[in-house]
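Written below as structure tokens is the structure these notes are about.
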Amino acid sequence: MKNTGPQNDDTAAVREALQRDAGRVQLPPFNAALHHATMRRIRTLASADHAPLWWRVALPAVAVIVIGMGIAVWHFGPTPRTTDGTVAAAMAITVPRASSWTYQRTAAQGDEALLAMLDRDARTLLPPSAPAFSTPLH
Amino acid sequence: MKTALILAAFAFLLLPALRADDTHYSPVNPALLYWQAAAMLPHLSDAQATELREMASGKQPTDPAKLKALGVDSAARLLRRAAASPAPCDWGLLKEDGPEALMPHVSKIRELANLALVEAEASFAQGRVAEGLDWFLTAHRIARHSGAGENLISFLVQSAIETTVLNAAARSCLGWDEATRRGYARNLKALPPLHSSQESYRGELVLTEWMERINQLAEPRRTEKLDEVFKMAGNASKEAAAQNESFAAPMAQETLRKELAAIRELHTRTEAAFGKPWKEGKPELKAIEKDIQQSGFTLVKIIIPASASCYDKAFVVATLRTMLDAALEHGAQLDEARAATYHDAFEGKPLRLQKSTDGAFSLIAAEKHPKGKDIKLKLGR
């Protein structure tokens, strides 16, 4: 049964007008390449939005851990050993060896200890730099 | 005539200016020349370095060919000029650095002194007595230069070098004729005096001054700086643990202030005692030592240097010098009666002449200093 009345008449009039206008629009021919490219783009955007978040956290965290371990190994790594095999405690003691305090503490152990240290230091301090002081006149 | 006399007088006055003038260069600080000589030393193997030390101390005879092979001629030439420089010797110690003040020269200067002594021995071995004596005087000058700096380490090095030279001269002097012996004695007397133990001890106050400055710093820098110097972190030895423990308590700012005030007071007393003859100074130092042990201050016991042994050392060296003077005066004619006319520097007791089982003669002091150790100068080889 068809509805009749004033509102129904107005709606029908608008509908008919829109249909007449749509009939006058000329549609371009279908572009398959453009269609497929657009679909690919839509699909790519859709897949990025759904990527797992844990990648974004894990990669930087692993990088920080690796770099941190590298720094720790370099700074706190195995204590260097001297040529005679003794553990070098020099890293922890920042007062230079040929200092007043170092010699005083050694002197407190006796003359022999001080002289032995001086003999050792004389061998390692100021190694010979012959090229700077050699002269063809000699 | 009058004109001629005036012109002659004028020419006479101008004569010094007309001579070749080699004195217009200012004398160089010997310390700088010693470093140049040290830089010219060739690389020595451990064995060669040990051999050089043992030749200098007389433990093994000097072989001139071995000395030549070391290639030390250039260093030796410069060393002699360094020792002869009349300029004051200034090692450039940064005293404001307190315990961190670097003293690399004390080890090198000993090495150079050994070189001078080996040069002397080589000269004697080759019959060049005058050159040998000149090298002995060089070594004596090196000793005096090494003592510059107003600190006890320099004083100890000075004492060690001077003792080695005195012993070396004693080994050789019986082979010199009377004129040579007396000439050497005159030259020895003309040398500047050794740096005194009192002067050296006075300079030790720089450590207290440094700590007073550090104690004014704001935390945490204050504690960081004190730990940096005094705490032996990372060292697992018992000595390190004991030192760390002993340094922990006094390091609070107010406690440290009181400790440093006590150190200053004790330092002043010790310095005064160092300037006294042995019979007066020794009892004072013993009283100071007792006060230190009873003081209850921790740092005092560590910072106040082992003053007693340094004090005695000056008198040991002075006694050895008296012994050498006796040997230079009398040579092979030295006997017990003549020896007894010379006295030690401690209590003024007469020296004794002792003949050892190998036939060598030695001058010996009446008392042992330090306890258990003879003060002895062996004469001849």
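The values are calculated or read from the model by the stated rules, or taken from the named source; none is laboratory data. All values derive from a computational prediction rather than experimental measurement. Cβ placement follows ideal geometry from the backbone for every residue including glycine, while neighbour counts extend to all protein chains displayed.
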Review point. When you go through (1) aliphatic (A, V, I, L, M); (2) over 16 Å from B:I161 (Cα atoms); (3) within 13 Å of chain A (Cβ to nearest Cβ) one by one for B:A65, which number turns out not to apply?
Key: (3)
**Study point:** Among (1) crowded, with 21+ Cβ neighbours inside 10 Å; (2) within 9 Å of chain A (Cβ to nearest Cβ); (3) in a helix (DSSP H, G or I), the one test that B:R53 misses
**Key:** (1)
Practice item. Six or more apart or on different chains, Cβ under 7 Å: which pairs go from a residue in region B:67-89 that's surrounded by 21 or more Cβ atoms within 10 Å (Cβ to Cβ) and of a type outside the set (A, V, I, L, M) to one that's part of a helix (DSSP H, G or I) and at pLDDT 95 or above? Could you list them? Key: B:C89/B:P30; B:C89/B:A31; B:C89/B:H145
Exercise for review: Output the residues belonging to region B:273-291 that are among the aliphatic types (A, V, I, L, M) and buried (at least 17 other Cβ atoms within 10 Å of the Cβ).
Suggested key: B:A273, B:L285, B:I288
Check your understanding: Mind checking which residues of region B:306-340 are among the basic types (K, R) and under 27 Å from the mean Cα position of the chain (by Cα)?
Key -> B:K313, B:R321
Study note, to complete from the structure: Output for Cβ contacts, cut-off 7 Å, separation at least six or different chains, first residue charged (D, E, K, R) in region B:266-283, second assigned to a loop (DSSP other than H, G, I, E, B), reads B:K279/B:E347
Exercise for review: Could you check B:A120 against (1) crowded, with 24+ Cβ neighbours inside 10 Å; (2) under 20 Å from B:V316 (Cα atoms); (3) away from every other protein chain (no Cβ under 14 Å) and say which number it fails?
Suggested key: (2)
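When region B:287-341 is examined, which residues are found to be under 27 Å from B:V157 (Cβ atoms) and among the hydroxyl-bearing types (S, T, Y)? Quick ask: steps written out before the conclusion?
Restricting attention to region B:287-341, the residues satisfying the condition of being under 27 Å from B:V157 (Cβ atoms) are B:288-289, B:292, B:299-328.
If the condition is that a residue be under 27 Å from B:V157 (Cβ atoms) and among the hydroxyl-bearing types (S, T, Y), then B:S307, B:S309, B:Y311, B:T319, B:T322 are the ones that fit.
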Point to revise | Of the criteria (1) modelled with pLDDT under 95; (2) surrounded by 14 or more Cβ atoms within 10 Å (Cβ to Cβ), which one B:P220 fails | key: (2)
Exercise for review: Return yes or no: is B:L324 in contact with a strand residue (DSSP E or B) (Cβ under 9 Å, 6 or more places away or on another chain) and touching a residue at least 60 places away in the same chain (Cβ under 8 Å)?
Suggested key: yes
